[in-house]
Amino acid sequence: MSLRVGLVQLKPGASRDENLRQARACSIEATADGADLLVLPEYFGDLFGVNADPRDPAHPPEILGEGPISDFLSELASELGVTVHGGSFLERDGDRVYNTTPIFDPSGATVAVYRKRYPFSCPAVPTGSGDAESDFIAPGQEPAIYEVNGLRVGCATCWDLRFPSLFEDYRRRGCFFVVCPAAFFAGVPTDPAFWEALLRGRAIDLGGYVACATVVGTMPEAKEPRGAISFHGITRLIDPFGHVVAAGDDSGPCGISAELQFSRIKEASENHPA
């Protein structure tokens, strides 16, 4: 058995409408070979979610299921007839704001929701600086799992990669494929090799596949004193042995697809059980 996954990589546009148009075009490209699952990047619809102030009226968080990004994702799933792992967007729930990933089945119905467990911060961008995601994003508390072609799929987002315990939790739950949309910020002392090593390590920890869809390039409008905000494009599908099965063009927008072979998961469990 197998599952074909389509991965979308996007370049930040000047507006949400431009981002959604680009997302739709790359989604069509990524599903042209008959993908069962389509994955979009973190903050794909409004990249101002990165280092944004949720109080900014120009880029307000959505209420889940009631905003233009949610509507776009639901319509995309039903139009293309695939399950859509909807990247992420800023979601408001009462007085809290989350970095939220909704998943839609081919009918456009919501089948799972994941809230990023570990909002980004690091010594270069510490909590309390006003620039760390952890300064305005509440951490999610629960894992999220859904099913495609009989395979259980777990959810993670970007900096969650730095925490093996989340992936170990999914493995214990019988989940051997984790999808991780990301916006790998280039303004911290890391490079593409760092992020790809994390993706490969988590796949080996999981004994399964890890898929990552990213944004790439520089935002057209600087929103902070440090200047332009740029992202590493590292769209990848990694197999249970840490091999790169498919990779996007690291320099620009694209849509790619590749197959997950269930037999590789069985082979990994027999040869290097976690």
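What the table below lists for this structure:
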| quantity | calculated |
| --- | --- |
| Cα→Cβ-extended label distance, 7 Å offset, between Glu267 and Ala58, nm | 5.1 |
| The chain, helix-only ellipticity at 222 nm - DSSP H runs n ≥ 4, -39,500 (n - 2.57), divided by all residues, nearest 500 | -7000 deg cm²/dmol |
| For the chain, the longest site-free run once GluC sites (Glu not before Pro) in DSSP loop states with at most 15 other Cβ atoms within 10 Å are removed | 67-220 |
| Fraction of beta bridges assigned by DSSP in the chain that are antiparallel (%, nearest 5) | 70 |
| Correct option for Cα extents along the principal axes in Å [calculated from the coordinates] among (i) 81, 48, 38; (ii) 51, 41, 37; (iii) 60, 50, 38 | (ii) |
| Summed residue charge, Cβ within 10 Å of Cys158's Cβ, Lys/Arg positive, Asp/Glu negative | -1 |
| Total formal charge among the other residues, if their Cβ is under 12 angstrom from that of Ala35, Lys/Arg +1 and Asp/Glu -1 | -3 |
| Rounded if a/c under 1.5, otherwise prolate or oblate - segment 1-120, Cα gyration tensor axes | prolate |
| Highest-MSF residue in the chain out of Gly45, Gly81, Gly208 [GNM, Cα springs under 10 Å] | Gly81 |
| Sequence of Val216, Val8, Val178, Val244 once ranked by neighbouring C-beta atoms within 10 Å, starting from the fewest | Val244, Val216, Val178, Val8 |
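Each reported figure results from applying straightforward, stated rules to the coordinates on display, with no laboratory input. Fair warning: this is a prediction, and the values are worked out from it, not measured in the lab. So basically every Cβ, Gly included, is an ideal-geometry build from the backbone, and we count neighbours across all protein chains shown.
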